[in-house]
Amino acid sequence: MTDKSNPRLGILLMILVSFIFALQDGISRHLASSYHVITVVTLRFWFFALVTVIWSASRAGGLRRVARSAHPALQITRGTLLIVEIWVTVIAFVKLGLIAAHSIFAVYPLLVAALAGPILGEYVGWRRGVAILVGLFGVLVILRPGLQVFDPAAIYPLAGALMFAVYALLTRRVAWEDDADTTFFYTGVVGALFSTLVVPFFWTPIAGADWFWMATLCVSAVAGHFLLIKVYEFAEASVVQPFAYFQLVFVGILGIALFGERPDGFTMLGAGLILAAGLYTLLRQKKLGIQPPESEAAAAVGD
C-alpha cells in the first residue's frame, strides 16, 4: 500500500475496470463471430506486447532488468497458458453467449482455492471447502445434466476457468521472487510470440469497417490494465477484488441489450450460487490475512 491510499477511489476504479473488460468481451464476441478467434486475439496481443515492451523499457533498469526472471520456464508456461485460455474463452462467448459463458467461468476463484493445496501447498479449511462445493453445484445448476441435452459448448468456459485458475496459481508462485514488472512483461510478450507462431494457420483478413472495433478492443485492453495498476496504488487487492464481480453484471447488460441473450432461471440461480461462494471465499481469505499478489488479482479481471 502506498501513501496514496484511497480505498473508495480504488473501488470505483475497479468497477470502471470491470465495465471496460465487459465491453472488451462484447467486442471480442462480435469480432470472433466473423473472424477466427486466433486472428482476433493475436492482433490484440501484438498491440498489448508493444505497449508492454515500451512500458518495461521505461522502468528502472530497462528491459534487461525487467526481463530477468528467477523462473523463466514458469513465466513462459503461464504466458502460454493465458493466451490459450483466452482463445478458449472467446470461443465460449460465441458458442454459448456472454452471460452463460461468464456465469460458468466465474467459478475460477473457487478452482484457485481448490488447487492451491496440491500446487502451492496452501490448503483450504472446511469453510472454504464447503464454499467450493457450493460453487461447483452452481455450475451443475447451470448445466443441469439429466434435465436437458448437455451442450458440448459448456466445455469451453469450464476449460477456460480451469486454465485460468492454474495460470493464477503460477502467477502467485512466480511472484515469490519476480516483481510485478517482470510478470507483466512476460504476460504480454510470451502471449504475443506464441500466438504469432500459430496465427498463420488460422489468419482471416479483417474487413475495413471492423478495424474500428479491432482498434477499440486493443485500446480497451491496455486501458483496462493501466487502470488496474492505478487501482492497486489506491487500495489493497483484498479490498477491491470483490468488486471485480461487477463484470458479470455488465456482461449481463451487454448480452441482453446487444446480443439478445435471455438467461433462464437455472442460469441466474447457478450464477448466484457461484458468485456467493466466490465472495465468501474472498472474504474468508481476507479474514485469514491471505493477500493475493497484485499481479494475480489484476490478471483475474482482465482476460
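Here are a few things to note about the model shown:
- Residue identified as more than 29 Å from Trp46 (Cα to Cα) and either open to solvent by less than 60 Å² (accessible area, probe 1.4 Å) or modelled with pLDDT under 85 (or both) among Gly255, Gly270: Gly270
- Subset tally (residues that are open to solvent by less than 60 Å² (accessible area, probe 1.4 Å) and in contact (Cβ under 8 Å) with a residue 40 or more places away in the chain) for region 44-69: 11
- Enumeration of residues in region 229-243 that are aliphatic (A, V, I, L, M) and within 11 Å of Leu13 (Cβ to Cβ): Ile229, Val231, Ala235, Val240
- Where helices (runs of 4 or more DSSP H) sit wholly within region 1-77, none has at least 3 residues that are among the acidic types (Asp, Glu), touching a helix residue (DSSP H, G or I) at 6+ places or on another chain (Cβ under 6 Å) and modelled with pLDDT of 95 or more.
- Annotation: of all residues in region 86-118 being among the small types (Gly, Ala, Ser) and not in a loop (DSSP other than H, G, I, E, B), the one that is nearest to Ser33 (Cα to Cα) is Ala92.
- Single residue of Thr183, Thr187, Thr204, Thr196 found to be in a loop (DSSP other than H, G, I, E, B), within 27 Å of Thr39 (Cβ to Cβ) and in contact (Cβ under 8 Å) with a residue 40 or more places away in the chain: Thr204
- Val130 passes every criterion in (1) assigned to a loop (DSSP other than H, G, I, E, B); (2) β-branched (Val, Ile, Thr); (3) open to solvent by 30 Å² or more (accessible area, probe 1.4 Å) apart from (1).
- Selected residue (only one of Ile91, Ile119, Ile83 is touching a residue at least 12 places away in the same chain (Cβ under 8 Å), open to solvent by 30 Å² or more (accessible area, probe 1.4 Å) and within 21 Å of Ser195 (Cα to Cα)): Ile91
- Summed over region 208-238, the residues that are more than 18 Å from the chain's Cα centre (by Cα) and in contact (Cβ under 8 Å) with a residue 40 or more places away in the chain give a count of 8.
- If the condition is being in a helix (DSSP H, G or I) and either open to solvent by 60 Å² or more (accessible area, probe 1.4 Å) or touching a helix residue (DSSP H, G or I) at 6+ places or on another chain (Cβ under 6 Å) (or both), then region 231-243 contributes Val231, Tyr232, Phe234, Ala237, Ser238, Val239, Val240, Gln241, Pro242, Phe243.
- Region 163-203, residues that are modelled with pLDDT of 95 or more and surrounded by fewer than 18 Cβ atoms within 10 Å (Cβ to Cβ): Leu193, Thr196, Leu197, Val198, Pro200, Phe201, Phe202, Trp203
- Some residue of region 151-159 being among the charged types (D, E, K, R), closer than 20 Å to Leu63 by Cα and open to solvent by 30 Å² or more (accessible area, probe 1.4 Å): no
Yes/no matrix, rows are residues, columns are (1) β-branched (Val, Ile, Thr); (2) free of Cβ contacts under 8 Å to residues at least 12 places away in the same chain:
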residue: His30; (1), (2): no, no
residue: Thr42; (1), (2): yes, no
residue: Ala73; (1), (2): no, yes
residue: Thr77; (1), (2): yes, no
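The values are calculated or read from the model by the stated rules, or taken from the named source; none is laboratory data. On a predicted model such as this, the values are computed, not experimentally measured, just so you know. Every residue, glycine among them, receives a Cβ derived from its backbone with ideal geometry; neighbour counts consider all protein chains shown. Protein only, heavy atoms only, side chains kept; ligands, DNA and RNA dropped before computing areas. Shrake-Rupley method; radii C 1.70, N 1.55, O 1.52, S 1.80 Å.
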